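**Student:** One structure follows; several queries about it will come next.
The values are calculated or read from the model by the stated rules, or taken from the named source; none is laboratory data. Note that this is a predicted model, so its numbers are computed, not measured. Counting neighbours? That spans all protein chains shown, and the Cβs are built from the backbone with ideal geometry, glycine included.
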Amino acid sequence: MKKYLFLIIVMLSASTVFAQSQYEDVVYLKNGSIIRGVITEQIPNESIKIEISNGSIFVYRMDEIERIVREPVQVRSGGRDRTRNASDYEPGYEVSVDLGYQIGTGDWGLDRIKLDIINGYRINPYIFLGLGTGWRYYHQIEDALVLIFLNFKVNFIQSQMSPFLELSTGYSLNASRNFKGEGAFIAPTIGVDFPISDGTKMNVGLSYETQRLHRELYIYYLGDGPGYYERHPNSYNLIDFTGTTNSGAISLHIGFTF
């Protein structure tokens, strides 16, 4: 629990550090030119020095300048500049749908298909809190689990590629066994958001999920290691196991946020 609390503190701290990156200095010259970048030096009533995105540095006298302001950062979209503003990450209600395939890891890892639907509220352009429902299909044992969970997400910057950290944790019910309680799960994710239109973002994420499962299994040993399936009447010369295990898996998922 301490390590997850530490992760949350780190994400919150990082979001505060990056919060200022959405604005840039804009110099309007009397000749009609507009220079966008970061003012690195300013001598009152004499001159300013501004660095633009490609690293070039320009110096202008104050009598050449009409005004200096701070505006939302502009990014390239479709070959033209456009202003990145709160419309892409504005506070408010959001719903996201994620789909992926999880590959089991460790002795008790099982492959499964993943589908998550998350409803929640973006508190500011960087922090999102939500409540999710999910579905996992373990095709090796033919079990389908229904998940209910909390979701916490931090976007670090507002840009065409916005990296994020995400944490989901909750409880699962086994729909294949009369919705019997299966166990808790937790899933940290790292990924990138891509705004693709006004109000719509696409995301790609890499996650690790560990799910608590109660299983009645038999184990057989082959040359390349152990395997296991559901107990069945025709199993022989096998080692029985009944108990609770953690089933881990990694996954690459793709999703959309509206």
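**Student:** Do we have any residue at all in segment 50-60 that's within 29 Å of the chain's Cα centre (by Cα), of a type in the set (Phe, Trp, Tyr) and either on the phi < 0 side of the Ramachandran plot or modelled with pLDDT of 95 or more (or both)?
**Tutor:** no
**Student:** Which one is surrounded by the most Cβ atoms within 10 Å (Cβ to Cβ) among residues in segment 125-154 that are touching a residue at least 40 places away in the same chain (Cβ under 8 Å) and within 18 Å of the chain's Cα centre (by Cα)?
**Tutor:** Here the answer is 126.
**Student:** Return yes or no: is residue 216 loosely packed, with under 15 Cβ neighbours inside 10 Å, among the charged types (D, E, K, R), modelled with pLDDT under 90 and touching a Ser or Thr at 6+ places or on another chain (Cβ under 7 Å)?
**Tutor:** yes
**Student:** Another one. I'd like the full set of residues that are under 18 Å from residue 194 (Cα atoms), among the aliphatic types (A, V, I, L, M) and outside any strand (DSSP E or B), limited to segment 85-126.
**Tutor:** Correct list: 86 only.
**Student:** Output the number of residues of segment 85-134 satisfying the condition of being closer than 18 Å to residue 213 by Cα and among the hydrophobic types (A, V, I, L, M, F, W, C).
**Tutor:** 4
**Student:** Here's another thing I want to ask about it. For segment 176-189: of the residues being of a type in the set (A, V, I, L, M, F, W, C) and over 13 Å from residue 133 (Cα atoms), which is surrounded by the most Cβ atoms within 10 Å (Cβ to Cβ)?
**Tutor:** 187
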